[in-house]
Amino acid sequence: MRDILPPDSDRWRRFNSIFTEVVEAAGYGQLMTPLIEDVGVFTRIGEATDVVTKELYAFEDRGGRHVSLRPELTASVCRAYAQHRPTPPWKVWYTGPNFRQEKAQRGRYRQFDQVGVEVLGVDDADLDVEVIALAWDFYRQLGLQRVDLVVNSLGEPDDRARYVEALRTHFEAAGDALTEQSRETLAKNPLRVLDSKREPDAPFIASAPQIAEFYSDDASAHFARVQDGLTALGIPFAVEPKLVRGLDYYRRTIFEFQGGTLDSAQNALGGGGRYDGLVEALGGPPTPGIGFALGVDRTLLACDDEGVFASEPRPLDAFVVDTAGGSEALTITAELRAAGLAADRAFDGRSMKAQMKLANRSGAAFAVIVGTDELAAGAVVVKPMAGGDQQTIPRSDLIPHVKAQR
Ligand code: AMP
């Protein structure tokens, strides 16, 4: 778990505000759910996923309740839908931290942030395109260029079930040649074996049956419409038949955004897909859902690698230097701030030299200096910190002066 210090934290806030603009312009409203849920909310996302079996921060609280810090937000959104029964379609977005007990490394942390959207109650392939396009637009607004969109369809649940059996047969035939981890995964969820990045598994993955051979007509038509829609919007993508994702509930469209600058084990900047059954498993009516989650930490690493979306904390307009020792620094700083200017000051009655040093370090455009002479004359000295002549002006002109020269 990491601390995010200023000025880096500035990017986090702007990241969220750009995301908010993109999704609210598309009719999504913010859903805020608790960081802690009943552990059952999360175990339902898939008994065969590492997120659930190995990584949950689950514990018993003082009331003997089995709870967990959330490892992701899709399950919480579906729980909220089942609980509040809003009128579908329900289009929501979210932001916030998630927790997984993973082996931490660059781009993989135990507390990490996501932004995302989920839409519940719509089965239309055009919505799949809308959801993917939102994430795509967002990456573009950050300035990222090296993001690859890969898409796949897992077919209808029946198609997927037949495919899973074909995969099981295929991988079982490999026997002990598969890695031990993949044999374990195979016993629980053959689809996830396709996810293995371990070298000995590679030839068996390459020769595995392809999901497209199992698509029903409906699944084929849905996937074709998604691809046509992406093409119509000019969004480049690649179909990746071996793309699978964690949730057991995924069906039809799934997608991932991969960063071109990151290590392959951590190159997924975000991903999502269509799912069924999750709302139902959480006590609601049968409801189709689709959404994505984008990792904030990892996306910012990709921004660093591409040299885009740097930190730009708001610069100070003025730094007040008071050597008169009265309450001038207090009142002038307050006036500047009340006028909408960004202002800071020195404390602790420091020397003029020490205060000017602080003014310099603050990055403020102007130092506003008040000594005993200025105080007596009802004036202030305004000194441009980037160079140029300082001016003595009536104190009542200070705000318009700073505003005009900003
Ligand atoms: P997932 O919910 O596993 O599909 O993850 C969606 C996105 O969240 C990923 O593409 C990552 O960008 C991000 N993410 C997931 N797990 C972590 C982690 N442990 N540390 C940092 N980012 C993560």
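Derivation of every value follows stated rules applied to the coordinates shown; laboratory data play no part. Nothing here was measured: the structure is a model prediction, and the numbers come from that model. Counting neighbours? That spans all protein chains shown, and the Cβs are built from the backbone with ideal geometry, glycine included.
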Exercise. Do me a favour and compute the ellipsoid semi-axes for the range 1-157 from its Cα gyration tensor, root of five times each eigenvalue, largest one first, whole Å.
Key: 26, 22, 17
Quiz prompt | Lysine pair number, Cα distance threshold 28 Å (strictly under), the chain, separation 8 or more or different chains | solution = 15
Exercise. Using the number of other C-beta atoms within 10 angstrom as an exposure proxy, rank Phe309, Phe347 with the fewest first.
Key: Phe347, Phe309
Quiz prompt | Relative pair counts by distance (%), Cα atoms of the range 224-301, 5 Å bins | solution = 3, 13, 20, 22, 18, 14, 7, 2, 0
Quiz item: So what's the angle, to the nearest 10 degrees on a 0 to 90 scale, between helix 217-232 and the longest Cα principal axis of the chain?
Solution: 30
Practice problem: Express the Stokes-Einstein translational diffusion coefficient of the range 66-171 in µm² s⁻¹, to the nearest whole number, given a Kirkwood radius over alpha-carbon pairs, 4 °C and a viscosity of 1.567 mPa s. | Solution: 76
Quiz item: Which of these, Leu278, Leu341, Leu142, has the largest mean-square fluctuation under a Gaussian network model of the chain (Cα springs below 10 Å)?
Solution: Leu341
Exercise. Mind computing the radius of gyration and Dmax over the alpha-carbon atoms of the range 45-93? Å is fine for both.
Key: 13.4, 38
Quiz prompt | Paramagnetic label zone (point 7 Å from Cα along Cα-to-C-beta, Gln83; backbone N under 16 Å) in the range 31-75 | solution = 31-44, 65-75
Self-check item: Neighbour-count ranking [beta-carbon atoms within 10 angstrom, fewest first] of Lys383, Lys353
Solution: Lys353, Lys383
Quiz prompt | Choice from Ala26, Ala339, Ala265 showing the highest fluctuation, given a GNM over the chain with Cα pairs closer than 10 Å | solution = Ala339
Self-check item: Fraction of antiparallel bridges per DSSP, the chain only, in percent to nearest 5
Solution: 80
Quiz item: Which residue fluctuates the most in the chain, going by a Gaussian network model with Cα springs under 10 Å, if the choices are Leu330, Leu127, Leu149?
Solution: Leu330
Practice problem: Going by C-beta contacts inside 10 Å, put Met385, Met32, Met352 in order with the fewest on the left. | Solution: Met32, Met352, Met385
Quiz item: To the nearest 500 deg cm²/dmol, what mean residue ellipticity at 222 nm is calculated for the chain from DSSP H runs of n ≥ 4 alone, each contributing -39,500 (n - 2.57), summed and divided by the residues?
Solution: -11000 deg cm²/dmol
Quiz item: Can you give the angle from 0 to 90° between the axis of helix 9-24 and the longest principal axis of the chain, with both taken from C-alpha atoms, to the nearest 10?
Solution: 60
Quiz item: Which whole number of Å³ per residue matches the convex hull of the alpha-carbon atoms in the range 215-254?
Solution: 78
Exercise. Compute the long axis of helix 328-338 from its Cα atoms, compare it with the longest principal axis of the Cα atoms of the chain, and write down the angle in degrees, 0 to 90, nearest 10.
Key: 50
Quiz prompt | Per residue convex hull volume, Cα atoms of the range 225-356, in Å³ | solution = 258
Quiz item: Exactly which trypsin sites (Lys or Arg not before Pro) in the range 20-83 are in a DSSP loop and have at most 14 other Cβ atoms within 10 Å?
Solution: Lys54, Arg62, Arg65
Self-check item: Inter-site label distance for Ala212 and Trp12 at 7 Å from Cα along Cβ, in nm
Solution: 4.3
Exercise. Treat the chain as a sphere of radius equal to its Kirkwood radius over Cα pairs and apply Stokes-Einstein at 25 °C in a medium of 0.890 mPa s; give the translational diffusion coefficient in µm²/s, rounded to a whole number.
Key: 100
Quiz item: Using modelled backbone amide H atoms (1.01 Å from N, in-plane), which distant-in-sequence or interchain residues come within less than 5 Å of Ile45's amide H?
Solution: none
Quiz item: Mind listing the phi-derived Karplus ³J(HN,Hα) values for the range 392-406, rounded to whole Hz, using 6.51, -1.76 and 1.60 with θ = phi - 60°, and x for any glycine or proline?
Solution: 9, 10, x, 4, 5, 8, 4, 4, x, 4, 5, 4, 5, 9, 5
